[in-house]
Structure formats: C-alpha cells, structure tokens
Amino acid sequence: MATLPSELDVVASDGIKDVAKLEDVVDREALMEVCRSFFDLFGLSIRVVSASGTLLADMHEQRSICRYVNGFLGGKAACRNIVSAVRETVPDEETVVHPCFTGAQYRIVPIVYHGRRVGRFVVGPYMPAEQQEIAPTLLNVDPGINAEEVAQRMADMPKVREDTAQRIVTHLRGITGLLLFSGHRAHLTSEMHIASVRESYRELAEKTAKLQTAYDRLKDLDRLKSNFLATVSHELRTPLTSVIGYAEMLESGMAGDLNSEQQEFVRTIHEKGEHLLALITSLLDLSKLEQGALTVKPESVDPAALLSDIEKTMRPHAHKKNIRFDVDVAEGVPGLQGDPMRLRQVLFNLTENALKFTPEGGIVHLSVEPSVLESEGDMLGAVLMAAPEQAVKFTVRDTGMGMPKSELSKIFDAFYQVDGSSTREHGGAGLGLSIVKRLVDAHDGTVRVESEVGSGTSFMVTLPAS
Amino acid sequence: MQLDFKARELTVKLVYYGPALSGKTTNLQAIHRLVSPATSGRLMTLETRDDRTLFFDLLPLSFKAGSGIQVRIKLFTVPGQVIHNATRRLVLQGADGVAFIADSQHRETKANQVAFLNMRENLKENGFNPQSHPLVIQFNKRDLQDIRTDEEIDTLAKRGKEPVFKAVATRGTGVIETLLGLMELTWARLESEHQLQKKFGIEPERFLLDVRERLGVGEAAE
C-alpha cells in the first residue's frame, strides 16, 4: 500500500490540469468582492479558506458582544477556543454547523469541485432567529459578565432563521461553483492553447528535420554528380585528343595521300571530334564551377577590347548566316577587374547563342555601356545606402524566337533548353548559359534576361568596375 | 488513471473519439441530461466556433463508491475536424478508455474509417497499444435515413473484438449503455494492471453496480 502515490498529482498525466487548489482558478480580488457584497447584502461575516488552509478572502466585523466578552479573561479564552475549533473544522460533503458559547453559530460550508474538496466558507457568527433566550454558557463564561449589558450588546448580532441560512449558503455555493467553473475553463483554454501550439511546433520541427535530412542527401548526390561529370569528362578527353590528333595527321597526308572522298570523311571525323571536345570542355568547366574549383585570376580588362575580340571571332559566323551583326561601345565605359579568358567565354557563349537562335536576315546587337550595379529587391530606403557601385553593362540582343516568361527562371540551369527539340535543331547541350551564370557570379556580377516570344531576347551582364 | 491514496480518490479518463459531426458532444450532453446533478458536474465546452468543438468538451462525473472511495470519471471529447490533430493527440494522452462514435450514414463510412485510423495512430503516438486498449464503438444517428443496416453492423461487429453499440444520441438512446460498456472494459483493464481490489479494496462487481446505479440504470431500473 505504501507504494501507492500519496501526494496528489496536480498535473494530471494527460497534461490537462485538474482543479487541485482553489487559488489556482479563482481570482482573490473577485472572491473578495463577492464576499464584500455578500456581507453588504446579508450582514454576515464570511471567510474563504482553501483546502491547504490559506485564507483567501475575509470579510468580517467584530460584533459589539464579541468585543465585550473578549474584555474578560474567561471570555477571551472561550472565544479563542471556539475560533480555533471553527478554523480547524473541515467539512466532508455537507455543511457543518458549529455553535459558539454565546449562543451564536458558524456555518462551515465545503467547496466541492468535480468531486474534490478544494476549500470551504466560514459564515458567521450569527444568532439563530429561533433562539430567544441569552445562552447560559455566555453568562457563565466569566463571573464579571453582566446580563443586562449582554442583552443590549446582542442588538447588532445578525439574526437569521435556520432555513434562511441554509438558502443563503446554497446561493453562495452556486456562485462559487460558477466562479470555479469559469476560472477552470479559462485555465484549461489557455493551457490547451499553449499545448496545441507546442504540439504543432513539435510536429513541424519533426518535418523540418526530415526535410533537412532529405536536403542534405540531395546535396551529397549533387556533389557526387559533379564529381562524376568531372571524372568522366576528363577520362573522355584523353582518348578524344588522340582521335583528333590522328585525324589531323591523316588529313595532312602524313600517312599517304587521300582521295577526295577519304579527305571528306577524315575532315568530318576531325570536325565532329572538335565539337565533342568543346562539349566535354564545357562539362568540365561546369563541374569545376559547381565544385567552386574554378579560380578567377583577376587582371585589368578593357571592355572595348573584349568586345572587338568577340566581334572578330563571331563576324564570320554572322556573315555565313546572313545576320546583321552590330557592335556598339558607349563613351566613358570604365575598366574592369576580371579574368579575361572567362569574361571572353561569357560574351562568346551569349553571342554564339544569339547567332544560333536568330534566323537569317535577323540582327544580333552587342554593346557595352557604363552602369551602376543593381541591388536585389526594391529600392526602399535607398537613400540610406552607400553610393551605387560603378559598373560595366554588356548587352547581347537578338531578334530570335524569344522565350516565354515562365521559362526565364530556368534557363540558367545546366542541361536546360526551353524547347527540347531545339537541341536537335540547333545543337548544344544546354550548358552555355549555366556556365555564363556561374562565371558572372564568380565575378560578383549579375546576369539578367528579358525576352518576348517572337521578337527576341536580350541578355544583360553587369560587372563591377575596377 | 490517477490514484490519490491519501484522499482515497480515483480519477478515470474516458475519451469520445470520432469523425467530425458524428455526435461526440451530443453524447456528453445526453449523459449530462440523463445523470442526476448529484453525480454529474457542469458540461464544459472549450471554445466552440459555429457549434463545432475546437479543443474539447469535458463532463465530470463523481460519486462515492461503496468502499468509501471518491470516484471521478472525466469524459472528454476530441475535436473531430481533420486539422485539429494536435489537439486530438493531446486530449488522448492518458486516456484509460476510448469510445469511438461513428456516424451510421452510408456517406460517412469513409470519414469513420479515416477517423478510426487516425485514432489508432494517435493511440500509438501516446504509447498505447491500440490492439489492447479499452475501446467500444458506437453507431450513432440510428434514426436517420440511408444508414447502414442493423444486420450489416451486427455481422461486421462479430468480426471485430470490440463491443458495438447503437445509439440516437440526440434522444439519449444507447448513450448510457455505451458509457457503461466502456466503463466495464476499462475497469477490467485497470483491475488487471493495478490490482485495485487487492490494494484499494474495490471489488469489481460491486464497483460496476455502483456505477450503474449512479448512471441511473441500477438494478431497480432494469
């Protein structure tokens, strides 16, 4: 038996609190107010005591007779005995009536909530209206007590009929029951609010952890993919170099003269070999960029020279496709800090793309102008920011087929082509733009695209000026 | 279950589970109406919106059992709507027994299944074994049209091991029977787990008779 819990568990095992203490759910101020108005209404003294013995509210007035009796030694002792007896009386389920030697009495009323005693009221002292005579116990309590004085002083002692007292007490129990109920409900509601939020949080935290694990795993896989690409590209390049080399040797007649048909075949092998090499090199670049292994060697770059270099390389291609190729260099373009090889690659890829997707008779326009570096998001509070950074803006504009808006966010992804079928028509593995994006990022620049289906596309690359 | 040995007080928690609008709160309201005010406390409803339970309802029953023990039975309902799963799990914590209130209407069959699976899941989450936890099933709304037939329910009930009750909670029919059925199962479980008879001197048969009497279906009424 001793193994059973002897203390009351205030918090139930389900976390939904039970009322174990009156003071937990009832506001003392409110209780005091109820007692005050009770006193005003019925003229009866009242005290509220919790189950643990704490006095929660006390509204009483010392009666004239009590003051008088307390002036005598015998009276004082008797009064003290009664008061402590009343204080220690803990009623079980029913009201206990405790008499006083003065003939008055106290009613001790249990406060029960959900089958549990949580406290009690002490109402009194009051004189039962049924009692007319002065109690002999009062007159005998001390030899100095004067019967006439007692009779006079009894006047301010409230007189209540027993059945009325019972009704008053029932009313009081009703009010307290309601107070307790409301308090308990408010208490539970707030507890549940907190518990529900905590439970939802726990659920979300669990899900977040799962997502994080999945994300980490995907990141690992992505890294694995890049490594794989790098290794495979590298391994592919070595034999391909030999293929191209031997094709070149055959072409140059080192192994004897070739007839025109053989020449043609070997040239095709050589050409396609170069294509393949370029593709593999892009793959290698991309995987290096993805691994962050690509290093940018910054030096001074002249944007105009860069453009003229591209123009020289690309003009023959444009000419071949009968595309107008315009190049504009604005006044006052500042110099750049960057890796000339990589920046050349950026503009080369963009221009090559523009030419690839522009039909015969179209226009490709390449330009450079001074600009400022665009910041992300809106310009709220721009006035508070540092002065905008000087920048160089390259624009490659074409009059090609353009792209729908919905595709624009994806075109910088590796292997992505707006229309899968264009791979066959125009060639390319969809790596150019993703390399462009990564190279521009590596230079702390931005690349933007504007496009309209049917009328063309513009790529804007903005790089910080040196 | 909570035992306060010093105060000779015993608290049992029973939870009414089920799909939205199957009549869980209506069951508690009927019990509140049928059981004498001396036994039943006020029915507490926590935060309702548009007549739907948001947190839970709580109906406390309390009485002194034969062996002088203060018995407190707390009846809870869970919110049926799908989104309140966190609250349902919380309310189910520490439940000694569960009454599953199913809607008899054909079109609610799926909702019953979903809620039942959700209950099994939440019982597990709370560390209970759904296979052995005291459980009764009530088919409510027997007065409506287009409901699953008595024969169908009886046949299916034979396949399951949990007691099945039929009820019209709005009229109070079958409500007390469901509660008593659950109380019997729960008590058997508590007895075997805590040896209440040995430790507490509560004799199971006597106790259940007390409960029946308190719920207004004592021997005299039978």
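The values are calculated or read from the model by the stated rules, or taken from the named source; none is laboratory data. Since the structure is predicted, the reported quantities are computational estimates derived from the model, not experimental observations. As a convention, Cβ positions derive from the backbone with ideal geometry for all residues, glycine included, and neighbour counts pool all protein chains shown.
Number of residues in the stretch A:22-43 that are surrounded by fewer than 18 Cβ atoms within 10 Å (Cβ to Cβ), over 37 Å from the mean Cα position of the chain (by Cα) and under 30 Å from B:LEU3 (Cα atoms): the value is 1.
Taking (1) free of Cβ contacts under 8 Å to residues at least 24 places away in the same chain; (2) more than 14 Å from chain B (Cβ to nearest Cβ); (3) surrounded by 15 or more Cβ atoms within 10 Å (Cβ to Cβ); (4) assigned to a helix (DSSP H, G or I) in turn, A:LEU258 satisfies each apart from (4). Given the criteria closer than 23 Å to A:GLY74 by Cβ, surrounded by fewer than 17 Cβ atoms within 10 Å (Cβ to Cβ), out of contact with any Leu (no Cβ under 6 Å at 6 or more places or on another chain) and at pLDDT 85 or above, does A:GLN152 qualify? Yes.
Would you pick out the residues in the stretch A:183-207 that are more than 10 Å from chain B (Cβ to nearest Cβ) and not hydrophobic (A, V, I, L, M, F, W, C)? Selection gives A:GLY183, A:HIS187, A:SER190, A:GLU206, A:LYS207.
For B:THR77, the criteria (1) surrounded by fewer than 20 Cβ atoms within 10 Å (Cβ to Cβ); (2) closer than 30 Å to A:SER190 by Cα; (3) within 14 Å of chain A (Cβ to nearest Cβ) hold in every case but one, which is (1). When B:THR11, B:THR45 are screened for being facing chain A (nearest Cβ under 10 Å), crowded, with 20+ Cβ neighbours inside 10 Å and in contact with a strand residue (DSSP E or B) (Cβ under 6 Å, 6 or more places away or on another chain), only B:THR11 passes. Does A:SER52 satisfy the condition of being modelled with pLDDT under 90 and among the small types (Gly, Ala, Ser)? Here the answer is yes, as A:SER52 does meet what is asked. Among the residues of the stretch B:124-142, how many are over 30 Å from B:SER192 (Cα atoms), part of a loop (DSSP other than H, G, I, E, B) and touching a helix residue (DSSP H, G or I) at 6+ places or on another chain (Cβ under 7 Å)? Summing the residues that are over 30 Å from B:SER192 (Cα atoms), part of a loop (DSSP other than H, G, I, E, B) and touching a helix residue (DSSP H, G or I) at 6+ places or on another chain (Cβ under 7 Å) in the stretch B:124-142 gives 0.
Just wondering, is there one or more residues in the stretch B:104-123 that are in a loop (DSSP other than H, G, I, E, B), in contact with a Lys or Arg (Cβ under 7 Å, 6 or more places away or on another chain), within 14 Å of chain A (Cβ to nearest Cβ) and at pLDDT below 95? No; the residues of the stretch B:104-123 include none that is in a loop (DSSP other than H, G, I, E, B), in contact with a Lys or Arg (Cβ under 7 Å, 6 or more places away or on another chain), within 14 Å of chain A (Cβ to nearest Cβ) and at pLDDT below 95. Going by the conditions given, is A:ILE244 touching a His at 6+ places or on another chain (Cβ under 8 Å), of a type outside the set (Ser, Thr, Tyr) and without any contact (Cβ under 8 Å) to a residue 40 or more places away in the chain? When the stated conditions are applied, A:ILE244 passes them. Among the residues of the stretch A:172-193, are any among the hydroxyl-bearing types (Ser, Thr, Tyr), at pLDDT 85 or above and within 19 Å of B:PRO37 (Cα to Cα)? Checked against the condition, which is being among the hydroxyl-bearing types (Ser, Thr, Tyr), at pLDDT 85 or above and within 19 Å of B:PRO37 (Cα to Cα), the stretch A:172-193 yields at least one hit. For the stretch B:122-148, the set of residues classified as more than 11 Å from B:LEU92 (Cβ to Cβ) and more than 19 Å from the chain's Cα centre (by Cα) consists of B:ASP143, B:LEU144, B:GLN145, B:ASP146, B:ILE147, B:ARG148, listed by residue number. Residues that are out of contact with any strand residue (DSSP E or B) (no Cβ under 9 Å at 6 or more places or on another chain) and charged (D, E, K, R) were ranked within the stretch B:66-109; the one that is nearest to B:LEU10 (Cα to Cα) is B:ARG89. Within the option set B:GLU184, B:GLU177, B:GLU213, B:GLU193, being farther than 23 Å from B:ILE69 by Cα and not polar (S, T, N, Q) holds for one residue only, B:GLU177. When residues in the stretch A:155-167 are screened for being at pLDDT 85 or above and out of contact with any Lys or Arg (no Cβ under 9 Å at 6 or more places or on another chain), 7 of them pass.
Yes or no, residue by residue, for (1) in contact (Cβ under 8 Å) with a residue 24 or more places away in the chain; (2) under 25 Å from A:GLY115 (Cβ atoms); (3) over 60 Å from the mean Cα position of the chain (by Cα):
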{"site": "A:VAL48", "(1), (2), (3)": "yes, yes, no"}
{"site": "A:MET59", "(1), (2), (3)": "yes, no, no"}
{"site": "A:TYR68", "(1), (2), (3)": "yes, no, yes"}
{"site": "A:SER84", "(1), (2), (3)": "no, no, no"}
